[in-house]
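A short worksheet on the structure shown next.
The values are calculated or read from the model by the stated rules, or taken from the named source; none is laboratory data. Predicted model, so just to flag it, every value in this text is computed and none were measured. With ideal geometry, Cβ positions are generated from the backbone for all residues, glycine too; neighbour counts draw on all protein chains shown. Ligands, DNA and RNA are excluded from the accessible area calculation, which covers all protein heavy atoms including side chains. Shrake-Rupley method; radii C 1.70, N 1.55, O 1.52, S 1.80 Å.
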Amino acid sequence: MSIAAISFFFVCGAVAIASALITVTQNNPIRAAFSLLAHIIALAGLFIGLQGHFLAVIQLIIYAGVVVVLFIFTIMYIGPVPKPESAGRPSFAKLFSIAGMVVVTGAVTYAALGYSPALKGLNTCPEAVAECGQFGGVEAFSAALFRGGVVPFELISILLTVAVVGAIMVARGRLIYREKPRRKKQELSIENNR
Amino acid sequence: MDMILLVSTLIKIAFILVLILTFNVVLLWVERRLAAMIQDRIGPVRAGIPIFGYNLALKGLVQPVADAIKSLWKEDFVPPNADKFLHAMAPLVAVIPVIVAFAVIPFGSSLYLNHAFEVLPPEPTGRVIPLQVATMNFGILFVFAMGGTGVVGSAIAGYSSNNKFSLVGGLRAAGQMVSYEVALGLSLVGCFMLYNTLLIEDMVRWQIENVWGIFLQPIAFILFLTGSTAEMKRVPFDVPEAEAEIVGGFVLEYSGMKFAIFKMGEYFELVLASAVIVVLFLGGHHLPGLTDRGIDFLGFAQPLWHGAVVAIHLGVFLVKLVLVLWLQFMIRWTIPRFRYDQIMKLSWRYMLPLALLNIFVTGVVIMAL
């Protein structure tokens, strides 16, 4: 890796970690969503560093362009920002989650430093291998999607359609089946004349 | 990184920035004067620079400069109880992605440095500089990625202003832009299938070798023009700003330079959408009768220097860009604003099925041929 690539990795990584921390600690939900946006953009930068160009762009289109916007949309609909909880004694849940975070961070760091046998197989992309650079490109991705996994892909899309239709049915209730009460012609004409 | 690559990239970035900022000033002038002429008015023509007792007004071209000076000196008002940080960030989030998206637009043919002052030989050698800031292997998708990120700017502007009209405008903007992104993305899939690539420079090459995309994908052209107008929140899709009902929407609480940045972002988006239309549907820098070696038109052949050909290509691209921008302005000042439910219906009931149908028909035709 060149110096530019390494510094790119460190900048993106630092931004990703910082914005992820802000996302989970921020009390204001819109600010949290905003730092989630920064996190997603930094993550896309990391994907580009790993030659996953297509994944980076999809990350930006789907997550930055749609998911974060829908988060903000929902938060705006819900209305005023709730008051943050008063900082009293740390609850059991808080202590537990902090302890869990420390354990997971430690485990990941331990693994990443190369002491874990499970991660020994992971290598960075050597520049001499041509196929390696194609790994995250559009062609490799579409080949995997439409040659290897086209049946599961279509099945999942049917499942998603069913879920969307079901969600609409649940949200609307049974009202759409009920016939509209017929009104007399006289009433209608009065209404029209208003 | 070698020196020539670095310097040429910096020159290209500077060229793009100067180009879009110049377009910004000129478009502001054209929009006002054109609107005035369509509505049988004169428009702003008086603001000028006084020189020796003569008012240098240039038919109103000095007006945007006066606007810029006014914006700089105006009070930067932040409403009480507004979220100051997000209020300041929103214009940047709205404008920066649009500028970044220009990186993948090829604005001319490739320049061979060794052959700039001679007719291009059949097998050119030496360093080649593509007139495009970044050649990335996801090409046109980058424009969509950046355009999608820009949506957050208007939504956050609406929320952080602490104003109900702004909030309604932000909500409308978010809903409208997410809806139209789907149709906008799908409208171009037919083009990807036809050109068999995602790289914009390869799409331009395909059109030069075969035929301009607008003749093969007319439905995609109309869908993209409509969808990009909606994505830019311009009339007739300007319900997020609708000054007659929600007094400016998400830009209501912005003043001074922040407001100017929002307006600049709108013109940048306009130039970007027009540039995408030029490279995807109108053959990019291609001029019929002009090859890489010189003029070759109906039996008339005149070899030209390679540098001159590249310069003509650049000029052709800019002329096409201006023509598409003119079309956009004519649409803007001809059609009245749609209602919000009409906008949603247009997106989901008409544009999305039409785009899918276009993909299907294109696929069938490509398989049959």
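Checking the condition farther than 17 Å from residue B:100 by Cβ, open to solvent by 30 Å² or more (accessible area, probe 1.4 Å) and within 13 Å of chain B (Cβ to nearest Cβ), which residue from A:70, A:46, A:50, A:21 passes?
Result of the check over A:70, A:46, A:50, A:21: A:70.
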Quiz item: Right, residue B:190: in the same structural domain as residue B:227 (by TED's automatic domain parsing), touching a helix residue (DSSP H, G or I) at 6+ places or on another chain (Cβ under 6 Å) and modelled with pLDDT under 85 or not?
Solution: no
Quiz item: Say we look at region B:100-127 and pick out the residues that are outside any helix (DSSP H, G or I) and either modelled with pLDDT of 85 or more or farther than 20 Å from residue B:303 by Cβ (or both); which of these is nearest to the chain's Cα centre (by Cα)?
Solution: B:105
Exercise. Kindly check whether there is at least one residue in region B:163-175 that is outside any helix (DSSP H, G or I), at pLDDT below 85 and surrounded by fewer than 20 Cβ atoms within 10 Å (Cβ to Cβ).
Key: no
Exercise. Mind listing whichever residues of region B:15-56 are in a loop (DSSP other than H, G, I, E, B), within 28 Å of the chain's Cα centre (by Cα), surrounded by fewer than 16 Cβ atoms within 10 Å (Cβ to Cβ) and not charged (D, E, K, R)?
Key: B:39, B:42
Quiz item: Here is a list of conditions, (1) over 22 Å from the mean Cα position of the chain (by Cα); (2) hydrophobic (A, V, I, L, M, F, W, C); (3) at pLDDT 85 or above, and residue B:211 meets all of them except one; can you say which number that is?
Solution: (3)
Quiz item: Just for region B:160-208: of the residues that are without any contact (Cβ under 8 Å) to a residue 12 or more places away in the chain and under 16 Å from residue B:82 (Cα atoms), which one is nearest to the other protein chains (Cβ to nearest Cβ)?
Solution: B:167
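Could you list all residues from region B:207-223 that are buried (at least 19 other Cβ atoms within 10 Å of the Cβ) and either β-branched (Val, Ile, Thr) or farther than 30 Å from residue A:74 by Cα (or both)? Walk me through it before giving the result.
In the first step, residues of region B:207-223 are kept if they are buried (at least 19 other Cβ atoms within 10 Å of the Cβ); the result is B:207, B:213, B:217, B:220-221, B:223.
The answer is B:207, B:213, B:217, B:220, B:221.
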Exercise. Inspect region B:83-99 for any residue being touching a residue at least 40 places away in the same chain (Cβ under 8 Å), outside any strand (DSSP E or B), outside the structural domain of residue B:163 (by TED's automatic domain parsing) and in contact with a Leu (Cβ under 8 Å, 6 or more places away or on another chain) and give the result as yes or no.
Key: no
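Are any residues in region B:311-343 in a helix (DSSP H, G or I) and over 30 Å from residue B:291 (Cα atoms), and if so, which ones? Step through it out loud before you land on a result.
First pass over region B:311-343, keeping only residues in a helix (DSSP H, G or I): B:311-332, B:340-343.
Within region B:311-343, B:329, B:330, B:331, B:332, B:340, B:341, B:342, B:343 meet the criteria.
State whether one or more residues within region B:215-227 are under 26 Å from residue A:58 (Cβ atoms) and within 12 Å of another protein chain (Cβ to nearest Cβ). Show your work before the answer.
Going through region B:215-227, the residues under 26 Å from residue A:58 (Cβ atoms) turn out to be B:217, B:219-221, B:223-227.
Filter once more, so that each one left must be within 12 Å of another protein chain (Cβ to nearest Cβ): none.
Within region B:215-227, not a single residue is under 26 Å from residue A:58 (Cβ atoms) and within 12 Å of another protein chain (Cβ to nearest Cβ).
Please state which one of B:120, B:113, B:72, B:61 is farther than 29 Å from residue B:191 by Cα, away from chain A (no Cβ under 14 Å), without any contact (Cβ under 8 Å) to a residue 60 or more places away in the chain and touching a helix residue (DSSP H, G or I) at 6+ places or on another chain (Cβ under 9 Å).
Values: B:120 fails: without any contact (Cβ under 8 Å) to a residue 60 or more places away in the chain; B:113 fails: without any contact (Cβ under 8 Å) to a residue 60 or more places away in the chain; B:72 fails: without any contact (Cβ under 8 Å) to a residue 60 or more places away in the chain.
B:61 is the lone residue from the list that is farther than 29 Å from residue B:191 by Cα, away from chain A (no Cβ under 14 Å), without any contact (Cβ under 8 Å) to a residue 60 or more places away in the chain and touching a helix residue (DSSP H, G or I) at 6+ places or on another chain (Cβ under 9 Å).
Here is a check on your reading of the model: is residue A:78 surrounded by fewer than 19 Cβ atoms within 10 Å (Cβ to Cβ), at pLDDT below 80, more than 9 Å from chain B (Cβ to nearest Cβ) and at negative phi? Explain how you work it out, then say what you get.
Working: surrounded by fewer than 19 Cβ atoms within 10 Å (Cβ to Cβ): yes; at pLDDT below 80: yes; more than 9 Å from chain B (Cβ to nearest Cβ): yes; at negative phi: yes.
So residue A:78 fits the description; yes.
Which is among the charged types (D, E, K, R) and closer than 21 Å to residue A:142 by Cβ, of B:181, B:123, B:209?
Working: B:123 fails: closer than 21 Å to residue A:142 by Cβ; B:209 fails: closer than 21 Å to residue A:142 by Cβ.
Testing whether each residue is among the charged types (D, E, K, R) and closer than 21 Å to residue A:142 by Cβ leaves just B:181.
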Quiz item: If a residue has to be at pLDDT 85 or above and closer than 11 Å to residue B:266 by Cβ to count, how many in region B:227-245 make the cut?
Solution: 0
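So that you can scan it fast, the table gives a plain yes or no per residue for (1) under 24 Å from the mean Cα position of the chain (by Cα); (2) surrounded by 14 or more Cβ atoms within 10 Å (Cβ to Cβ); (3) at pLDDT 90 or above:
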{"residue": "B:264", "(1), (2), (3)": "yes, yes, no"}
{"residue": "B:283", "(1), (2), (3)": "yes, yes, no"}
{"residue": "B:295", "(1), (2), (3)": "no, yes, no"}
{"residue": "B:302", "(1), (2), (3)": "no, no, no"}
{"residue": "B:315", "(1), (2), (3)": "yes, no, no"}
{"residue": "B:331", "(1), (2), (3)": "yes, yes, no"}
{"residue": "B:334", "(1), (2), (3)": "yes, no, no"}
{"residue": "B:341", "(1), (2), (3)": "no, no, no"}
Self-check item: Only one of B:157, B:244 that is in a helix (DSSP H, G or I), more than 22 Å from residue B:320 (Cα to Cα), open to solvent by 30 Å² or more (accessible area, probe 1.4 Å) and more than 10 Å from every other protein chain (Cβ to nearest Cβ)
Solution: B:244
Exercise. Answer yes or no as to whether residue B:7 is β-branched (Val, Ile, Thr), more than 16 Å from residue B:134 (Cβ to Cβ) and away from chain A (no Cβ under 14 Å).
Key: no
Exercise. Report whether or not residue B:145 is modelled with pLDDT of 80 or more, over 18 Å from the mean Cα position of the chain (by Cα), within 11 Å of chain A (Cβ to nearest Cβ) and assigned to a helix (DSSP H, G or I).
Key: no
Quiz item: With respect to the numbered conditions (1) at the interface with chain A (Cβ under 7 Å from one of its Cβ atoms); (2) open to solvent by less than 20 Å² (accessible area, probe 1.4 Å); (3) part of a loop (DSSP other than H, G, I, E, B), which one is the sole condition not fulfilled by residue B:132?
Solution: (1)
